[in-house]
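**Student:** Handing you a structure now.
Read the figures in this text as sums done on the coordinates, not as results from a lab. Note that this is a predicted model, so its numbers are computed, not measured. Neighbour counts run over all protein chains shown; Cβ positions are idealised from the backbone, glycine included.
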Amino acid sequence: MPVPVSKPTNTHATEAIYIAHLGVHYREVEALRDVNCIIKPGKLTGIFGPNGAGKSTLMKAMLGLVPSRGMVLYQGKPLMQQLEKVAYVPQRSQIDWTYPATVWDVVMMGRVKKTGWLRNFSVVSRQVAKAALQRVGMSEYRNRPIGQLSGGQQQRVFLARALAQEAEIFCFDEPFVGIDQKTQSVIFEVFDELTAAGKIVLVVNHDLGESISHFDELILLNRDLIATGSRQQVLTEENLSTAYGGNVMFWKEAA
């Protein structure tokens with residue numbers, strides 16, 4: 001079943017995100033310095049770098065979740081003024097898994113922005129949520145408390161919630177941590193379908209293994225922007241040495 005995503009309704013819906021001079025300070029620590037890059041629609045873009053490089057900070061700064069300086073534009077306006085167009089999935093470690101919610105409850109949360117607070121969900125919203133659960137293979141768990149699921153199942157539920165939002169921009173922070181191979185395959189399949197639909201898909205990741213071959217564009221960070229562009233442009237020995245220091249092992253695609 002295809003991903004339940006809406007097609008762009010105008011030419012502006014396919015524009016890129018433009019990041020200019022983005023910086024973040026945490027007290028005395030400079031977490032990001034003067035980051036400039038473009039995140040394109042229809043491309044799977046990964047944010048890579050060592051621990052403490054500012055990967056998650058970059059995503060959070062884009063969405064206004066941490067104080068920052070600089071500019072992030074989408075459709076010619078600040079992205080922070082258009083967060084209804086964004087589906088954001090944080091790291092699993094940041095989610096309260098003891099919260100008394102079922103799988104269905106979590107996915108329906110993705111429909112709140114389109115429905116409005118304290119309003120009943122429409123038939124359409126329920127159909128969208130049902131299709132999203134089916135797409136990630138979690139329909140049979142719809143009544144299961146979210147805290148009783150495995151890590152991979154939890155990640156698929158939050159992927160379904162993101163799909164239910166019918167967003168234009170999808171942001172995932174470390175979605176591949178602590179999941180099984182089946183879930184990883186499902187996630188990459190959905191990412192492929194989202195990018196084919198012209199969506200912006202941005203993923204924080206740390207794995208330089210074989211999974212990096214799924215990404216079309218990369219942003220390589222170590223507080224400063226080291227490189228951005230295609231895998232071939234970014235994954236050079238010089239860039240990786242600058243980002244990680246010394247020797248770093250990564251998966252190389254066959255020629």
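**Student:** Within the set of other residues whose C-beta is less than 11 Å from the C-beta of residue 136, count the net charge using Lys and Arg as +1 and Asp and Glu as -1.
**Tutor:** My count for the surroundings of residue 136 gives +3.
**Student:** For the chain, what does -39500 (n - 2.57) per DSSP helix run (n ≥ 4), summed and divided by total residues, give at 222 nm, in deg cm²/dmol to the nearest 500?
**Tutor:** Values: 8 runs with 74 residues, N = 255.
Computed mean residue ellipticity for the chain: -8500 deg cm²/dmol.
**Student:** Now a separate question. With θ taken as phi - 60° and the coefficients 6.51, -1.76 and 1.60, list the Karplus ³J(HN,Hα) couplings across the range 183-189 in order, rounded to whole Hz; mark glycine and proline as x.
**Tutor:** 5, 4, 5, 4, 4, 5, 4
**Student:** Using Cβ contacts closer than 10 Å as the measure, can you line up 108, 62, 71 from fewest to most?
**Tutor:** Ordered by Cβ neighbours within 10 Å, fewest first: 71, 108, 62.
**Student:** Using a Gaussian network model of the chain whose springs link C-alpha atoms within less than 10 Å, name the residue from 245, 70, 42 with the highest mean-square fluctuation.
**Tutor:** 245
**Student:** Residue-wise, which Karplus ³J(HN,Hα) couplings in Hz belong to the range 221-238, taking 6.51 cos²θ - 1.76 cosθ + 1.60, θ = phi - 60°, and x for glycine or proline?
**Tutor:** These are the phi-based 3J(HN,Hα) values: 10, 8, 6, 8, 6, 7, 6, 8, x, 5, 4, 5, 6, 8, 7, 9, 4, 5 Hz.
**Student:** Note down the relative contact order for the range 11-233 as a percent, whole number, built from C-alpha pairs under 8 angstrom at least six residues apart.
**Tutor:** Worked out over the range 11-233, it gives 31 percent.
**Student:** At q = 0.13 Å⁻¹, what is the base-10 log of I(q)/I(0) for the range 24-153 according to the Debye formula with one equal point scatterer per Cα and no solvent? Please give it to two decimals.
**Tutor:** -0.76
**Student:** Taking the Cβ of each residue in 236, 183 as the centre, tally the other Cβ atoms inside 10 Å and list the residues starting with the fewest. Please report the intermediate quantities before stating the final value.
**Tutor:** On the way: 236 13, 183 22.
With the fewest neighbours first, 236, 183 line up as 236, 183.
**Student:** Related question: So the label point goes 7 Å from the Cα of residue 71 along Cα→C-beta, right? Which residues of the range 192-228 then have their backbone N under 20 Å from it?
**Tutor:** So the set is 225.
**Student:** Here's a follow-up. In the neighborhood of residue 180, defined by Cβ-to-Cβ distances under 15 Å, what is the net charge if each Lys or Arg adds +1 and each Asp or Glu adds -1?
**Tutor:** Once positives and negatives cancel, what remains is +1.
**Student:** Starting at the first residue of the range 46-54, write each ³J(HN,Hα) from the Karplus equation 6.51 cos²θ - 1.76 cosθ + 1.60 with θ = phi - 60°, in whole Hz, x for Gly and Pro.
**Tutor:** Karplus values, whole Hz, x for Gly and Pro: x, 9, 10, x, x, 4, x, 7, x.
**Student:** Taking H placed 1.01 Å from N in the peptide plane, check which residues at least 5 places from residue 121 or on another chain put their amide H under 5 Å from its amide H.
**Tutor:** Here the answer is none, since no amide H 5 or more places off falls under 5 Å of that of residue 121.
**Student:** Name the long-range amide H neighbours of residue 201: under 5 Å, sequence gap of 5 or more, or other chain; modelled H, no Pro or chain starts.
**Tutor:** 42, 43, 45, 170
**Student:** Pop a pseudo-label 7 angstrom from the Cα along the beta-carbon direction at both residue 18 and residue 36 and give the gap in nm to one decimal.
**Tutor:** Here the modelled spin labels are 1.2 nm apart.
**Student:** Here is a further query. Return, for the Cα atoms of the range 11-233, the radius of gyration and Dmax in Å, separated by a comma.
**Tutor:** Taking only Cα atoms of the range 11-233, I get Rg and Dmax of 17.2, 51 Å.
**Student:** Of 104, 97, how do they rank once you tally other Cβ atoms within 10 Å and put the fewest first?
**Tutor:** Least to most surrounded, the residues fall as 97, 104.
**Student:** Hey, another quick one. Hey, can you grab everything whose amide H is under 5 Å from the amide H of residue 226? Only 5+ residues off in sequence or another chain; H modelled, so Pro and N-termini drop out.
**Tutor:** Result for residue 226 returns 220, 221.
**Student:** Next question, about the same structure. Could you give the dipole magnitude of the range 38-183 about its Cα centre, charging the beta-carbon of Lys and Arg +1 and that of Asp and Glu -1, in debye to the nearest 20?
**Tutor:** Using only the charged Cβ atoms, the result is roughly 340 debye.
**Student:** Residue 104: net charge of surrounding residues, Cβ under 10 Å, Lys/Arg +1, Asp/Glu -1, itself excluded? Before the final figure, lay out the partial values.
**Tutor:** Values: positive: 126, 130, 142, 144; negative: 105.
Net of charged neighbours comes to +3.
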